[in-house]
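S.K.: I have a structure here, written as structure tokens, and I will follow up with some questions on it.
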Amino acid sequence: MTDLGTVDLRDPDLYVGGMPYAELAALRATGSVHWNSESDGAGFWAVLGFDDIVTVSRQADLFSSAHENGGHRIFNENEVGLTGAGESAIGIPFISRDPPTHTQYRKFVMPALSPARLEGIEARIAERVERLFDAVPLNETVDILPLLTVPLPLLTLAELLGVPAEMWHDLHRWTDAFVGEDDPDFRQSPEAMAAVMGEFIAFASALFEERRANPGPDIASLLANAEIHGQPVPLGDFIGNLILALVGGNETTRNSINHSLIAFAANPGQWDAIRADPGLLPNAVKEMVRHASPVIHMRRTATRDTELGGQPVRKGDKVVVFYPAGNRDPAMFPDPDAFDVTRPIRQHLAFGAGTHVCVGSRLAEMQLRLAFAQMARHVRRIEIMGEPSRVRSNFINGFKRLDVRLVT
């Protein structure tokens, strides 16, 4: 067992071999709120227990996400930029705003993700799943990412943004660059990152002007034409919110599918249960997302002195919630490491909680349900071939390659 005194939850190398659940559990056993020092910073409170994560998430006035207070990541967004690349053209996304501004943005976005709108999209996602799955070679080893798990949510996102479906390749490349600040495959050099950002900013700027001139029901139009506190949203903030839509709209879905393929391969009885009764899927997708926890952390900053988990939190302290730890908290989930598609789940933390809970959670669950329903009709067994290649990140619990064999 690792010496807990040496565990640094900020270190992206900690996650390259897989989520360090044993270390998270051992730290949580010593206390739900744990101080994590930083070699190049003041340190932060790591929140590892389910109830304390919910407490932080529900008190935006006390635990701020605001850009001016550092934003929503472990690094200080107001010092190094939204993507850690120092790009001045990128404004502030609404994930880095506190109420009431945050709440106003959500009201503009929600119509595009309403139950009525999603009902119309479901049939098209089902067709998309079928088309993608038909191109997956069965009974042989394939990297499932480019064939299914990457394009599926990005094609859905392209529809929601009102951009051509073939743009999913660009959306993929841009998204990896946004979240991959600690992975050399995604940030090969400052020059390469600058080129990617230049491409994206040119695309986003043209989209902003077009949607301002010809608005529609798509998310890009809603974001471009939002009025916050009576003022039109500036281009920079539109670009920041578009990055948020890209990352939030595909990373959770993509990696929940990837993690669930691994979980079903390790627990073939669970896959047999799905195949025998696809009616389990609406509940099963909640377990899939809980077990996957594709987003590792979100950061808040204390706006005044308080107490959390028995620890004295001072005004200005960084407070970082770790969703994989909360989603494996035995106080909330009996036998939390087990993957059980029949587990009754009242609430999990993979979509966040409180003020900033993910606006697209229904859409993510829908895509998981449809993807695994299609698979259950054709696949008898799921096998993982070799060691998956994981993203080097303390933020996204994701993969760069996942070789599978889908056995009929």
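Every residue, every condition in (1) in contact with a Ser or Thr (Cβ under 9 Å, 6 or more places away or on another chain); (2) more than 23 Å from HIS348 (Cα to Cα); (3) crowded, with 21+ Cβ neighbours inside 10 Å, yes or no:
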site	(1), (2), (3)
VAL7	no, yes, no
LEU14	no, yes, no
GLY18	no, no, no
ALA29	no, no, no
HIS34	no, no, yes
ASP52	yes, no, yes
SER57	yes, no, yes
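S.K.: Which members of segment 158-173 meet the condition of being open to solvent by less than 10 Å² (accessible area, probe 1.4 Å) and touching a Phe, Trp or Tyr at 6+ places or on another chain (Cβ under 8 Å)?
M.R.: Result: ALA158, single match.
S.K.: Provide a single number: the residues in segment 310-339 that are buried (at least 19 other Cβ atoms within 10 Å of the Cβ), touching a helix residue (DSSP H, G or I) at 6+ places or on another chain (Cβ under 8 Å) and of a type outside the set (Phe, Trp, Tyr).
M.R.: Within segment 310-339, residues that are buried (at least 19 other Cβ atoms within 10 Å of the Cβ), touching a helix residue (DSSP H, G or I) at 6+ places or on another chain (Cβ under 8 Å) and of a type outside the set (Phe, Trp, Tyr) number 9.
S.K.: Six or more apart or on different chains, Cβ atoms under 6 Å: show the pairs whose first residue is in segment 167-188 and touching a residue at least 12 places away in the same chain (Cβ under 8 Å) and whose second is in a helix (DSSP H, G or I) and among the polar types (S, T, N, Q).
M.R.: Listed by first residue and then by second, the contacts come to nothing, as the list is empty.
S.K.: Show the residue pairs meeting these rules: Cβ distance below 6 Å; 6+ apart or different chains; first residue within segment 1-30 and under 20 Å from LYS318 (Cβ atoms); second residue of a type in the set (Lys, Arg).
M.R.: The qualifying pairs are PRO12/ARG392.
S.K.: Still on this structure, please answer the following. Which helices (runs of 4 or more DSSP H) sit wholly inside segment 186-292 and have at least 2 residues that are more than 21 Å from PHE333 (Cα to Cα) and at pLDDT 90 or above?
M.R.: Ranges flagged: 190-213, 219-224, 235-266, 268-276.
S.K.: If GLY398 satisfies all but one of (1) farther than 20 Å from ALA266 by Cβ; (2) within 14 Å of the chain's Cα centre (by Cα), what's the number of the condition it fails?
M.R.: Just one mismatch for GLY398, condition (1).
S.K.: Quick one: in segment 121-144, which of the residues that are under 20 Å from LEU160 (Cα atoms) and touching an Asp or Glu at 6+ places or on another chain (Cβ under 8 Å) is most open to solvent (accessible area, probe 1.4 Å)?
M.R.: ARG124
S.K.: A further question follows. Please find, among LEU154, LEU147, the residue that is crowded, with 21+ Cβ neighbours inside 10 Å and part of a helix (DSSP H, G or I).
M.R.: LEU154
S.K.: Anything in segment 157-166 that is in a helix (DSSP H, G or I) and touching a residue at least 24 places away in the same chain (Cβ under 8 Å)? List them, or say none.
M.R.: Matches in segment 157-166: LEU157, GLU159, LEU160, LEU161.
The values are calculated or read from the model by the stated rules, or taken from the named source; none is laboratory data. Computed from a prediction, not measured in an experiment: that's the story for all the values here. Using ideal geometry, Cβ is built from the backbone for each residue, glycine included, and neighbour counts are taken over all protein chains shown. To get the accessible areas, we keep the full protein, side chains included, count just its heavy atoms, and leave off ligands, DNA and RNA. Shrake-Rupley method; radii C 1.70, N 1.55, O 1.52, S 1.80 Å.
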